[in-house]
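Here the structure comes first, spelled out in structure tokens, and everything after it is commentary.
The values are calculated or read from the model by the stated rules, or taken from the named source; none is laboratory data. Since the structure is predicted, the reported quantities are computational estimates derived from the model, not experimental observations. Here the Cβ positions follow ideal geometry from the backbone for every residue, glycine too, while neighbour counts run over all protein chains shown.
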Amino acid sequence: MRILGVDPGTGIVGFGVIDSIKGSKNMIDAGVIRTPTHQPTQECLLTIYNEISEIIKLNKPDVMVVEQLFFARNVTTAMGVSQARGVILLAGEQAGLRLIEFTPLQIKQALTGYGKADKKQVQEMVKMQLKLAEVPKPDDCADALAAALTYAN
């Protein structure tokens, strides 16, 4: 099964594609989608939509796992991330993918066994489970791979 994990954001969207076959997990593709800082919201959303659609087309996942917005101190940031999540989910739906959503707490619990694990612990588990030489960078990319691994596990 091919799984696309997505860590939504407005300036940076992390993505990670893994294959999970008979308990073996391998990273296929991973990276980030960046949008310019001072670009209007609608242009950022179009960039995110187009880029995630292209990632789906190139990697042909069976499932897309998107991290849920769990908590935000800044309402403006939460609204932007929610809009980004919307276009990401739309791209997945239009591609006919099965869509799964996990909270950050669920992802931490699945990877480390502890729902309040710190980012570094989650990143180390991503590195170990995918047998990588180093932790994927930037953090958004590692977070997206963690979402994909949560579904695979």
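Of the residues Gly86, Gly5, Gly14, Gly9, only one is over 24 Å from Val126 (Cα atoms), within 14 Å of the chain's Cα centre (by Cα) and not polar (S, T, N, Q); which? Give the steps one after another, and end with the answer.
On the way: Gly5 fails: over 24 Å from Val126 (Cα atoms); Gly14 fails: over 24 Å from Val126 (Cα atoms); Gly9 fails: over 24 Å from Val126 (Cα atoms).
Only one candidate passes the filter, namely Gly86.
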**Prompt:** From the residues in region 87-123 that are among the polar types (S, T, N, Q) and in contact with a helix residue (DSSP H, G or I) (Cβ under 6 Å, 6 or more places away or on another chain), which one is nearest to Pro61 (Cα to Cα)?
**Reply:** Gln123
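What number of residues in region 1-36 are touching a residue at least 40 places away in the same chain (Cβ under 8 Å) and assigned to a strand (DSSP E or B)? Explain how you work it out, then say what you get.
Kept after step one, since they are touching a residue at least 40 places away in the same chain (Cβ under 8 Å), are these residues of region 1-36: 1-10, 12-18, 20, 25-27, 30-32.
After this cut, where a residue has to be assigned to a strand (DSSP E or B) as well, the list is 2-7, 12-18, 20, 25-27, 30-32.
Final tally of qualifying residues: 20.
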**Request:** Scan region 97-110 and report the pairs whose first residue is within 18 Å of Val122 (Cα to Cα) and whose second residue is in a strand (DSSP E or B), with Cβ atoms within less than 6 Å and a gap of 6+ or a chain change.
**Result:** Glu101/Val66
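Suppose the filter is outside any helix (DSSP H, G or I), in contact with a helix residue (DSSP H, G or I) (Cβ under 7 Å, 6 or more places away or on another chain) and not basic (Lys, Arg); does Leu45 pass it? It would help to see each step written out before you state the result.
Working: outside any helix (DSSP H, G or I): no; in contact with a helix residue (DSSP H, G or I) (Cβ under 7 Å, 6 or more places away or on another chain): yes; not basic (Lys, Arg): yes.
So Leu45 does not fit the description; no.
For region 64-81, enumerate the residues that are under 20 Å from Leu145 (Cα atoms) and either polar (S, T, N, Q) or at pLDDT 95 or above (or both).
Of all residues in region 64-81, those under 20 Å from Leu145 (Cα atoms) come to 64-70, 81.
Correct list: Met64, Val65, Val66, Gln68.
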**Asked** Of all residues in region 1-54, how many are under 16 Å from Leu90 (Cβ atoms), in contact with a strand residue (DSSP E or B) (Cβ under 6 Å, 6 or more places away or on another chain) and either of a type in the set (D, E, K, R) or surrounded by fewer than 21 Cβ atoms within 10 Å (Cβ to Cβ) (or both)?
**Response** 1
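Could you identify the single residue in Leu132, Leu99 that is of a type in the set (A, V, I, L, M), at pLDDT 95 or above and in contact with a Leu (Cβ under 7 Å, 6 or more places away or on another chain)?
Working: Leu132 fails: in contact with a Leu (Cβ under 7 Å, 6 or more places away or on another chain).
Exactly one residue qualifies, and that residue is Leu99.
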